[in-house]
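In what follows, a single structure is set out as structure tokens and then discussed.
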Amino acid sequence: MTQEEKKLYDTIAERYDELFPLKEVRKEFLRGILGSPPRDVLDVGCATGELVLWLSRTGHRVAGIDLNGEMIKAAQEKARQRFSIVKFREMNMLDVHKEFPVRTFDSVLCFGNTLAHLEDTEVMTRFFTNVHDMIWDYGRIVLQVVNYDRILAKNITELPDLETEHLLFQRRYEYDKTSHRIRFLTTLTAKQDGAVLEKNDTTLYPITQKELETGLTEAGFDTLEFYGDESEATWTPDSM
């Protein structure tokens, strides 16, 4: 994690649940994907752990990892307050295979555009390969990624603002065609007085659907499904 990424996620850790609440559509999606509990599930990039704790309450055996220490502290405090035995660990997603043996999980989840923080497709494929070794033969990897096919084709420079009762989170993209990287610029503002709580600048790799498909196939995944959203709409290059 770069210093810029650490600064970004340190800043939003205490406000994460307000900005990114766990929605019913994700719960319904995962009920269908994971099947009846108990299943062994790993959440990669678990942030403050709300999804992990919900899955645990439904009867699954769940672990959560995140590279950001402030996120993990928040998740651990939630677990303590809710008398949950779920374990959260501060860990690089590229090191999961060092911590968890082969054939440990039924499913590995990776939501929140976490993949885009990896360096390139080679590194992503290495992560996919490690995950493939960690899951059972019938297991699944479930990924969420911004539709960069749409972002790049339409030269989109802004994502919709995230606005809550107290906060305004603005997100801008600057694409560098030469390096095939996106400069991700964010501003977090307190609505009460307009004070800028934080401005951050980090770099993302805009993985396309084709690159995602190629990486997963090279890692050994042979049955792939792509959705436009968590209601399981068909994916298209224009999917939001």
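Just a few scattered comments:
- Among residues of the range 68-91 that are closer than 18 Å to Asp40 by Cα, those with a beta-carbon under 6 Å from a residue that is part of a strand (DSSP E or B) and not acidic (Asp, Glu) at least six positions away or on a different chain give the pairs Val86/Val62; Lys87/Ala63; Phe88/Gly64; Arg89/Ile65.
- Residues that are at pLDDT below 95, crowded, with 18+ Cβ neighbours inside 10 Å and over 21 Å from Asn155 (Cβ atoms) within the range 196-227 comprise just one, Asn200.
- Lone qualifier among Phe29, Phe88 - being within 26 Å of Glu211 (Cα to Cα) and not in a loop (DSSP other than H, G, I, E, B): Phe29
- Residue ID - farthest from Tyr173 (Cα to Cα), chosen from residues in the range 81-102 that are modelled with pLDDT of 95 or more, of a type outside the set (A, V, I, L, M, F, W, C) and in contact with an Asp or Glu (Cβ under 8 Å, 6 or more places away or on another chain): Arg89
- Sole exception among (1) surrounded by fewer than 13 Cβ atoms within 10 Å (Cβ to Cβ); (2) modelled with pLDDT of 95 or more for Pro160, by number: (2)
- Restricting attention to the range 104-149, the residues being among the aromatic types (Phe, Trp, Tyr) and either open to solvent by 20 Å² or more (accessible area, probe 1.4 Å) or assigned to a strand (DSSP E or B) (or both) number 3.
- Matching entry among Asp10, Asp40, Asp66 (being under 24 Å from Thr202 (Cα atoms), among the acidic types (Asp, Glu) and at pLDDT 95 or above): Asp66
- Verdict on Thr157 being of a type in the set (S, T, N, Q) and without any contact (Cβ under 8 Å) to a residue 12 or more places away in the chain: no
- Of the residues contained in the range 75-89, one or more are found to be farther than 25 Å from Arg31 by Cβ, in contact with a Phe, Trp or Tyr (Cβ under 7 Å, 6 or more places away or on another chain) and open to solvent by 50 Å² or more (accessible area, probe 1.4 Å).
- Test result for Asn92, of a type in the set (S, T, N, Q), buried (at least 21 other Cβ atoms within 10 Å of the Cβ) and farther than 21 Å from Ser231 by Cα: no
- Residue match in the range 213-223 (condition: aliphatic (A, V, I, L, M), touching a residue at least 60 places away in the same chain (Cβ under 8 Å) and within 24 Å of Asp43 (Cβ to Cβ)): yes
- Qualifying residue in the range 32-47 (condition: within 22 Å of Phe221 (Cβ to Cβ), part of a helix (DSSP H, G or I) and open to solvent by 20 Å² or more (accessible area, probe 1.4 Å)): yes
The values are calculated or read from the model by the stated rules, or taken from the named source; none is laboratory data. This is a predicted model, so every value here is computed, not measured. When we count neighbours, we look across all protein chains shown, and the Cβ atoms used for this are built from the backbone with ideal geometry, even at glycine. Ligands, DNA and RNA are stripped out before the accessible areas are found, and what is left, the full protein with its side chains, is counted by its heavy atoms. Shrake-Rupley method; radii C 1.70, N 1.55, O 1.52, S 1.80 Å.
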